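In what follows, a single structure is set out as structure tokens and then discussed.
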There are 2 protein chains.
Amino acid sequence: MYEVEVKVPADLEAVRARLDDRGATSRGAVVQKDTYYDAPHRSFADTDEALRIRSERPKTGDDKTRITYKGPLIDDESKTREEIETDVGDGEKLDAILRNLGFEPAATVRKERDRYALEGYAITLDSVDDVGEYVEVETEVESENELESAREGAYAILEGVGLDPDDQVRTSYLGLLLGP
Amino acid sequence: MYEVEVKVPADLEAVRARLDDRGATSRGAVVQKDTYYDAPHRSFADTDEALRIRSERPKTGDDKTRITYKGPLIDDESKTREEIETDVGDGEKLDAILRNLGFEPAATVRKERDRYALEGYAITLDSVDDVGEYVEVETEVESENELESAREGAYAILEGVGLDPDDQVRTSYLGLLLGP
């Protein structure tokens, strides 16, 4: 499985109007608070890994918390990395466990995330605290030789909602928050 | 909060019959599989900590998985230690996350646990693979000066089901499994 993901800065209100015009399906909005941890025994910046607790609050319904491990890039071209994730009952308790083990919260990324689906792509409108507004267009393909056409499709979606694929930003929100 | 816990080796069938005679309340039986992890950056044996994933399978209903951190003894006399625990959606994924972070499964303790309640005490009948059969009598008290009478009460429960408090074993099942 390969993931194609293109992210560009955007005026979210304008994009939302275009998505409505194009008949995109709303998948609902959530507030996500991501806490990233430093490890006691290696530098995740050096190893290109990440450990995160994500708390997600939907407009209606219960909060959900997940722990996520992201491994280093397996393949630089396709931006593929191992990602392992599972639900957690109590994020504060997991935070306390991690701190006791020597992991320290390094940064928190908070965003409002509004989700749409259109033509096989997931479209995410993110308003990220202290970072800005971004649109992500994402899909998955089975094999490497589908990557190019999937990327072209993502660019077409972006152009269709008035955005320029050339504005693409490859830095994560965490990276954008922490700065160069 | 202080915990009083007394554990003795026992013939579980005999104890079960005595508990029924005394009108103990059955709290149901589960199979528990506990995986203990070694840390990459310190020796939990030296620091007197433990990190565990517990998968619990009830006779009826869904499996439940929890992660537990146990801190070092805060007070040797009362056997008090910090214990932090939360539910986890998928134990295998959490195991994969821990392994990727450098934590390695050190030992697995599997047991059938049958639970009763009697006179304010929790009574646990454990049949532990490769270790043996044990009964634990446990309660919690608010203050340190209640510990002595709580301990006497636990001894009385043990005697009431035909066991000798002098047979008390202080070693954990993990310790008993790994040996001296």
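The values are calculated or read from the model by the stated rules, or taken from the named source; none is laboratory data. Note that this is a predicted model, so its numbers are computed, not measured. Positions of Cβ are backbone-derived with ideal geometry, glycine not excepted, and every protein chain shown enters the neighbour counts. Just the protein is used for accessible areas: all its heavy atoms, side chains included, with ligands, DNA and RNA removed. Shrake-Rupley method; radii C 1.70, N 1.55, O 1.52, S 1.80 Å.
Counted by Cβ distance under 14 Å from B:L176, the other residues give a net charge of -3, where Lys and Arg count +1 and Asp and Glu count -1. Against the main long axis of the alpha-carbon atoms of chain B, helix B:147-160 sits at an angle near 70°. On association of chains A and B, roughly 1900 Å² of accessible area becomes buried (total for both chains; probe 1.4 Å). Once a ≥ b ≥ c are taken as the square roots of the eigenvalues of the Cα gyration tensor of segment A:1-123, is the result rounded (a/c under 1.5), prolate (a/b larger than b/c) or oblate (a/b not larger than b/c)? In terms of gyration-tensor shape, oblate. Each label point was placed 7 Å from the Cα along the Cα-to-Cβ direction; for B:E140 and A:R27 their separation is 4.1 nm.
Only helices enter the 222 nm calculation for chain A: every DSSP H run of n ≥ 4 contributes -39,500 (n - 2.57), and dividing by all residues gives -7000 deg cm²/dmol, rounded to 500. Ligands, DNA and RNA aside, B:S143 has an accessible area near 40 Å² when probed at 1.4 Å. Neighbouring Cβ atoms from other chains, within 10 Å of the Cβ of residues in B:91-98, number 4 on average.
The count of lysine pairs in segment B:2-178 whose Cα atoms are under 14 Å apart, excluding pairs fewer than 8 places apart on the same chain, comes to 6. If you line up the long axis of helix B:12-21 against the longest principal axis of chain B, both from Cα atoms, how many degrees apart are they, to the nearest 10? So the inclination is approximately 50 degrees.
Note on A:E82 and B:E83: with the Förster distance fixed at 25 Å, the Cβ-Cβ geometry gives a FRET efficiency of about 0.20. Cα centroid separation, segment B:105-151 to segment A:151-170: 60 Å. Once you have a ≥ b ≥ c as the square roots of the Cα gyration tensor eigenvalues for the protein assembly as shown, tell me rounded if a/c is under 1.5, and otherwise prolate or oblate according to whether a/b is larger than b/c. Prolate. Axis angle, to the nearest 10 degrees, between helix A:91-100 and the longest C-alpha principal axis of chain A: 50 degrees. Of the residues B:S172, B:S127, ranked by 1.4 Å probe accessible area with the largest first, the sequence reads B:S172, B:S127. The A:E148 and A:R99 beta-carbon pair, evaluated with R₀ = 41 Å, returns a calculated FRET efficiency of approximately 0.40.
Mean separation of Cα pairs under 8 Å and 6 or more residues apart, divided by the residue count, gives chain A a relative contact order of 32 percent.
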